[in-house]
1. Can you give the FRET efficiency for L208 and A291, using 1/(1 + (r/R0)^6), R0 = 41 Å, r = Cβ-Cβ distance, to the nearest 0.05?
2. Hey, which of these cross-link pairs are over 24 Å Cα-Cα: K273/K306; K95/K217; K333/K465; K37/K306?
3. Can you compute the modelled spin-label distance between R231 and L243, with each label point 7 Å from Cα toward Cβ, in nm?
4. Per residue, how much accessible area does the chain have with a 1.4 Å probe, in Å²?
5. Quote to one decimal, in nm, the extra length available between L458 and S380 on full extension: 0.36 nm per residue of separation minus the C-alpha distance between them.
6. Ignoring GluC sites (Glu not before Pro) that are buried or in helix or strand per DSSP, and keeping those with at most 13 other beta carbon atoms within 10 Å, what is the longest stretch of the chain between them?
7. Just subtract the alpha-carbon distance of L30 and F66 from 0.36 nm times their residue separation and send over the number in nm, one decimal.
8. Using only the alpha carbons of the chain, what is the convex hull's orientation-averaged projected area in square nanometres?
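The values are calculated or read from the model by the stated rules, or taken from the named source; none is laboratory data. Bear in mind the structure is a predicted one, so any value in this text is a computation, not a measurement. Ideal geometry is used to build each Cβ from the backbone, glycine not excepted, and the neighbour counts take in all protein chains shown. These accessible areas exclude ligands, DNA and RNA; they are computed on the full protein's heavy atoms, side chains included. Shrake-Rupley method; radii C 1.70, N 1.55, O 1.52, S 1.80 Å.
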Amino acid sequence: MDIPFLQQFLLISDIRTILFLILLAAGFYLIHILYHKKHLDFSVVVLIGTGLGLLLGLAVQAASGFPDQPEDIRFIREATAWYQLFGTGYMNLIKVIVVPLVIISILQVIISLEQGHQMGSLIRKTLSVTLVMAAVSAVTGLVIGLLFGLGQDSVPSGASGSEGISGAVSAAELSDVPATLKNLIPDNIVSAMVNNNIIGLVIFSSILGLALWWVNKEHSAEAEPLYRGIRGLHRTMINMALLILDYMPFAVLALLANTIARRGLSGIFDAGKFIFALYLGTGVQFFIQLAALLLNGLNPVPYLKKSAAPLLLAFTSRSSVGCLPLTVETLTKDLGVSEATANFVAGFGTTAGMQGCAGLFPALLIVYVCNITGTPIDLSMLVMAVIVVTIGSLGIAGIPGTASMAASVSLSGVGLASAFSTISPILAIDPIIDMPRTLLNVSGSLTNALIVDKRLGLLDESVYK
């Protein structure tokens with residue numbers, strides 16, 4: 001139907017577009033029946049939504065003959081534009097509450113603290129656990145990369161006709177450690193909100209909360225209305241988050257269907273070794289996280305049973321920040337983590353020490369680029385890589401696409417900035433590899449919070465079990 005109104009405005013100009021929109025609506029109806037009529041468990045319905053999204057995305061690909069460039073086909077562009085309305089639109093709805101939720105939650109945590117509670121201990125344990133696990137994920141990436149020989153059979157992008165991609169990417173300048181730490185401190189609260197600088201918001205909110213706590217200690221009558229307002233806002237924000245999260249099973253269907261339909265299978269096969277190595281590394285690091293729980297006296301089985309919903313949302317949404325409300329909710333309601341630890345560690349984990357995007361992935365890329373460029377991978381390179389990746393994991397925002405910034409910083413740190421364009425084939429399939437990376441980020445936040453809370457002696461193990 002070559003009608004501009006249908007092609008350019010309504011984006012429904014092909015019978016196949018209509019068909020796949022009907023299939024999406026049918027999937028939504030099935031989820032509605034299972035969740036609201038049959039009252040299946042939330043995690044089970046989310047898992048069903050994920051499976052339906054995978055099938056729908058593959059169906060779109062099959063209907064177009066599994067093309068090399070899916071977005072060149074009109075009905076795929078049209079169908080996925082509607083899929084994005086429900087998937088990406090849902091993630092935007094979650095993200096819009098993250099900033100006020102973080103600020104109000106931290107304030108609520110501070111004013112509720114007992115006088116003897118030491119924030120310093122929480123901060124020290126969070127930093128130590130987060131950075132140690134980030135270093136472990138870097139080691140995992142280096143080992144997996146070396147075992148697979150990533151890059152040994154690859155051709156630099158300039159030689160394979162990928163100049164269009166390589167010309168669009170360049171390595172970021174490497175910041176020294178003091179500058180990296182300094183950049184975490186916000187100089188403008190509004191810019192911190194706009195840029196999703198969660199650590200900046202946590203710092204600001206912590207200082208404001210301590211100031212309110214001080215006012216209450218010296219002039220309790222003046223602080224009382226402020227305390228009531230914060231408690232009321234906190235309860236309201238939690239309810240708002242729960243209302244939005246209730247629609248997650250519908251969103252994961254649309255999110256995964258959109259990703260599979262738009263990326264195609266040819267790009268996946270072309271970078272198959274790297275994709276397989278990344279997924280394998282994700283699995284290895286995930287088991288290391290479970291082992292860390294065990295070493296801290298926590299049975300991993302309850303964690304596995306109760307963390308399915310946030311992990312599935314992370315896998316399909318590819319946004320650590322977008323998962324933050326559900327991550328905190330799971331930690332406090334299902335896993336018995338104290339409110340202070342859940343908000344602080346999970347908020348910190350969306351920006352710093354991300355084991356997937358800023359740990360495992362950059363380490364794999366260092367091996368990949370070293371092999372492509374013929375750079376020796378000796379002991380000094382491996383040690384330097386672990387240090388650079390760990391320090392570079394600070395300040396990387398937890399939103400889709402920013403893993404390329406972590407990779408850029410890490411490559412620059414080991415002296416490979418000039419070869420950044422060689423990773424263009426990997427960046428071309430970024431949505432496919434971003435899914436396991438984000439899952440690992442969120443699972444890292446969950447397990448880190450459990451370990452920190454256990455070490456602080458605040459974990460309610462009866463709720464956890």
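1. On the way: r = 38 Å, r/R0 = 0.93.
The formula returns an efficiency of 0.60 here.
2. Working: K273/K306 32 Å; K95/K217 35 Å; K333/K465 12 Å; K37/K306 22 Å.
Violating the 24 Å limit, Cα to Cα: K273/K306; K95/K217.
3. Label at R231, label at L243, 2.2 nm between them.
4. Working: 19690 Å² over 465 residues.
That works out to 42 Å² for each residue.
5. Separation in residues times 0.36 nm, less the Cα-Cα distance, equals 24.0 nm.
6. Values: sites that count: E114, E173.
Excluding the exposed sites themselves, the longest stretch runs over 174-465.
7. Result: 10.3 nm gained on full extension.
8. Working: hull surface 96.0 nm².
Over every viewing direction, the Cα hull of the chain projects on average to 24.0 nm².
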